[in-house]
Amino acid sequence: MEPLYVIKIGGNIIDDEAQLSSFLTAFAGIEGKKILVHGGGKLATKLAAQLGVEQQMIEGRRVTDVDTLRIVTMVYAGYINKNIVAHLQANQCNAIGLCGADGNILQSHKRQHATIDYGFVGDVDKVNTPVLQSLLAQQVTVVMAPITHNMEGQLLNTNADTIAQEIAQAMSALYQVHLIYSFEKAGVLLNADDDSTVIPAITQASYAQLKQQNIIFAGMIPKLDNAFAALNRGVHRVVIGKAEQLQQLIQQQSGTSIIHE
C-alpha cells in the first residue's frame, strides 16, 4: 500500500514563529501524500484572557462554552490554519486549509459525560475518506483545523490529537498510514523537564503502569489514548516526538514509538 503520513503539530511550536516555520519547511519536504493536523497553541487562551472569557481545562481538554467556541473557531480554523497554509505555499507545497465542516470531512456529536459538561466539544463519528482521498490524488496537502460539526449547523471544538487518530484510522483502509504526533518535547519523558529521559517505546501495559506512577499525566494522556486507539485499528505505526526532528521521527530514529505488546 502507498504510504500516507498523518502528522499532528501542536504545543509550543504553534506559538513560536521561527520553530513553526522550520517545522513547516521540513514537512513540505516530505515526499508523497501527507495530511497535517494542527492544534491551537496558546493563542486562543491568550485571546480569551484579553476578552475576559474564563477558560477551564479538564485532563488536558478545554471546556468550551459559547464564547470560547467563537474564539477557538476564529483562531484555529482562521488565523492559525491559514498561516500554516501560506507557509507551506511558500515552500512549494500546495496545501488547502480545512476544518471538519468543510467538505463534510469530520462529523461529530456533542460529548456526553456522566458528570462533566464539556460544553461545545465534539467526539468524531465519521471521516469522509473519499473527499480526503480525492484531494491527496490531486497532490494537494490537507491542513486540518480542530473544529468539527454535527450535521445540524453546530460547530464543535475537537481535540486535535483525536482528529489525527480518527483520520489516520479511517485512511488506513486505503494507505499504509504513519501517524506522527510532533510537539516541543523529545517524546514521552520519564521526567517532563528533561528531554534526555525519552521512553523509546511504550506498550499498553507499560502505559498503564506509567499513569499509575503519575509519570504520565494531563495533556499527554489523551495523546497516548489516541495513539493506542490508532494502533489497534489498523494504523501502521505511531510515533511521538520533537517537531524539530521530523525526518528522524519518520525514520524511527528518535521519539517514542507506540507498539503492540
For a test of the definition: using alpha carbon positions, the gyration tensor, and the 1.5 limit on a/c, classify the stretch 157-261 as rounded, prolate or oblate. prolate
According to the square roots a ≥ b ≥ c of the eigenvalues of the Cα gyration tensor, what is the shape class of the stretch 57-140, taking rounded for a/c under 1.5, prolate for a/b larger than b/c otherwise, and oblate for the remainder? oblate
Restrict the search to the stretch 1-57; then list the trypsin sites (Lys or Arg not before Pro) that DSSP places in a loop and that have at most 15 other Cβ atoms within 10 Å of their Cβ. Lys42
Note, the stretch 86-96: 3J(HN,Hα) by Karplus (6.51, -1.76, 1.60, θ = phi - 60°), whole Hz, Gly/Pro = x, goes 4, 5, 5, 4, 5, 9, 6, 10, 6, 10, 10
Env charge @ Val140, Cβ radius under 12 Å, K,R +1 / D,E -1, value +2
Nearest 500 deg cm²/dmol is fine: what mean residue ellipticity at 222 nm does the chain get from its DSSP H runs of n ≥ 4 alone, each adding -39,500 (n - 2.57), divided by its residue count? -9000 deg cm²/dmol
Given [x] 17.2, 50; [y] 23.7, 69; [z] 18.2, 55, the label whose value is Rg and Dmax of the Cα atoms in Å derived from this model: [x]
Can you give me the long-range amide H partners of Arg237? Hydrogens built in the peptide plane at 1.01 Å from N, cutoff under 5 Å, separation of 5 or more residues or another chain. Leu179
Can you list residues from other chains, or at least 5 along the same chain, whose modelled amide H is less than 5 Å from the amide H of Asn150? Ser108
Once phi for every residue in the stretch 235-246 is put through the Karplus expression 6.51 cos²θ - 1.76 cosθ + 1.60 (θ = phi - 60°), the whole-Hz ³J(HN,Hα) values, with Gly and Pro written as x, are 5, 5, 7, 10, 9, 10, x, 6, 4, 5, 10, 4
For a 26 Å ceiling on Cα separation, which of these pairs sit above it: Lys33/Lys110; Lys34/Lys185; Lys34/Lys211; Lys33/Lys82; Lys110/Lys223; Lys42/Lys126? Lys33/Lys110; Lys34/Lys211; Lys42/Lys126
Taking placed amide H atoms and a strict 5 Å upper bound, the residues 5 or more places from Ile35 or on another chain that come that close are Tyr5, Val6, Ile7
Sort Met144, Met220, Met74 so the one with the fewest other Cβ atoms within 10 Å of its own Cβ comes first. Met74, Met220, Met144
The relative contact order of the stretch 3-258, taking Cα pairs under 8 Å that sit 6 or more residues apart, comes to a percentage of 23 percent
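Just so you know, all these numbers are worked out from the coordinates, no wet-lab data involved. No experiment lies behind these values; they were computed from the predicted model shown. For neighbour counting, all protein chains shown are included, and Cβ atoms are generated from backbone atoms with ideal geometry for every residue, glycine included.
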